[in-house]
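Encoded as structure tokens, the structure appears first; notes follow it.
What follows is calculated from the coordinates using simple rules that are stated; it is not laboratory data. Treat the numbers as computed from the prediction; the structure is a model and nothing was measured. Positions of Cβ are generated from backbone atoms using ideal geometry, with glycine treated the same way; all protein chains shown enter the neighbour counts.
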Amino acid sequence: MMQNEVFHIGKQALEAQSFSKLLGTKLIEFTAGEVVLEVPITEHVLQQHGFVHGGVIGYAADNALTFVGGSVLGPNVLTAEYKINYVRPAVGEKLIARATVISAGKRQAVCRCDVFAAKDGEENICATAQGTIMTVISE
């Protein structure tokens, strides 16, 4: 499959997610083993102290982990588990979630994602996550 075909498939999957559309999530990079997602930071995703809500950061990490797992396992995947560490509060213009595959077999992939808050072209890490992505078996 050509690289732009792979990107197109990833973009279609993202557009099929109503929550991702609600947040305005964009697929920036989608290759075998690497994914970059961006989520605009708007007033609607902030908590009471003006930082991005942890649930939105968790969503960005989880979605990037699943996309990168799917980049090596195929499109029928789900998150089996993930763990996230919040490093610092997120403020800025957008979240950038960069995910890579650490190890992949036939039915599962262990993946890593770092989430950054970007403001004025400068990026600060706000969270790091690791997860296991598995293929969905139809019954």
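Residue ranges 101-113, 42-54 sort as 101-113, 42-54 when ordered by packing (mean number of other C-beta atoms within 10 Å per residue, highest first).
Between the amide H of Lys94 and those of Ile41, Ala118, distances stay under 5 Å, these residues lying 5 or more places away or on another chain, with hydrogens modeled in the peptide plane.
Local charge for Arg112 was computed over the other residues whose Cβ lies under 13 Å away, with Lys and Arg +1 and Asp and Glu -1, and equals -1.
When the chain is treated as a Gaussian network with alpha carbon springs shorter than 10 Å, the biggest mean-square fluctuation among Ala118, Ala64, Ala80 belongs to Ala80.
Here the Karplus relation 6.51 cos²θ - 1.76 cosθ + 1.60, evaluated at θ = phi - 60°, turns the backbone of segment 19-33 into coupling constants of 5, 5, 5, 4, 7, x, 5, 10, 8, 9, 9, 8, 10, 4, x Hz, with x for every Gly and Pro. With angles folded into 0 to 90 degrees, how steeply does helix 54-73 sit against the dominant principal axis of the chain? Use alpha carbons for both and round to 10. For helix 54-73, the angle is close to 20 degrees.
Can you tell me the equivalent ellipsoid semi-axes for the chain? Use √(5λ) from the Cα gyration tensor, largest first, whole Å.
Semi-axis lengths for the chain are 25, 16, 13 Å.
Across the chain, how many lysine pairs, 8 or more apart or on two chains, come within less than 19 Å at their alpha-carbon atoms? Mind dumping the intermediate values first?
Values: Lys11/Lys21; Lys11/Lys26; Lys11/Lys94; Lys21/Lys94; Lys26/Lys94; Lys26/Lys119; Lys94/Lys119.
Lysine pairs, 8 or more places apart or on different chains, close enough: 7.
Net charge within 15 Å of Val91 by Cβ-Cβ distance, Lys/Arg positive one each and Asp/Glu negative one each, not counting Val91 itself? Computed value for this residue: -2. Rounded to the nearest 10 degrees, the inclination of helix 3-15 to the longest alpha-carbon principal axis of the chain is 60 degrees.
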